[in-house]
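Structure record follows, encoded as structure tokens.
The values are calculated or read from the model by the stated rules, or taken from the named source; none is laboratory data. Please read these numbers as outputs of a predicted model, since none were measured by experiment. Glycine also receives a Cβ, built like all others from the backbone with ideal geometry; neighbour counts cover every protein chain displayed. With ligands, DNA and RNA removed, areas are computed over all heavy atoms of the protein, side chains included. Shrake-Rupley method; radii C 1.70, N 1.55, O 1.52, S 1.80 Å.
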Amino acid sequence: TTATLKAAKSTAFNVFIQSIIVWIKTDAAQSITFEDSNATPKVIAKVPASPGADTRWEFDFGPRGVPLTLGKDLKATFSAAGLAGHITWSGYQSDNSSHL
């Protein structure tokens, strides 16, 4: 129930997420959480359970974006199978030295 959407290049790189857009085609009683792969994940966005059929969920974090934990991947965690739809995200990676 977890998918890696983007892997960090190395432990010295941050993944920055600028936006996430989710289109739900078929509703179900499940949720989707977007988080990093840290042992205690940093949650950046969540589509709640039973979000509704034919709905659009947009999370905009601006041009700089929200950084994930250093060296960690972007994951989508589904509470269970059931939802049908489409996920689009935008972001970039940067090594830690360029953000001093």
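The relative contact order of the chain comes to 48 percent, based on Cα pairs under 8 Å that sit 6 or more residues apart.
Can you tell me the dipole magnitude for the chain around its Cα centre, using point charges on the Cβ only (Lys, Arg +1; Asp, Glu -1), in Debye to the nearest 20?
Details: 9 positive and 8 negative charges, 29 e Å.
Once rounded to the nearest 20, the dipole reads 140 debye.
Each eigenvalue of the Cα gyration tensor of the range 54-96, multiplied by 5 and square-rooted, gives one semi-axis; in descending order these are 24, 15, 8 Å.
For A8, the residues whose amide H sits under 5 Å from its own are D73, L74, ignoring neighbours fewer than 5 places away on the same chain, with H placed 1.01 Å from N. Diffusion coefficient (Stokes-Einstein, Kirkwood radius over C-alpha pairs, 25 °C, 0.890 mPa s) for the range 1-82: 185 µm²/s, rounded to a whole number.
Enter the accessible area per residue of the chain (Å², integer; probe 1.4 Å; all protein chains in place). Don't jump to the answer; show the numbers that get you there.
Values: 5330 Å² over 100 residues.
Solvent-accessible surface per residue comes out at 53 Å².
Protein heavy-atom surface of the chain, 1.4 angstrom probe: 54% of the accessible area is carbon and sulfur, with nucleic acids and ligands not counted. Comparing I24, T88, P51 along the charge dipole axis of the chain, the residue lying farthest to the positive side is T88, per the Cβ-charge model.
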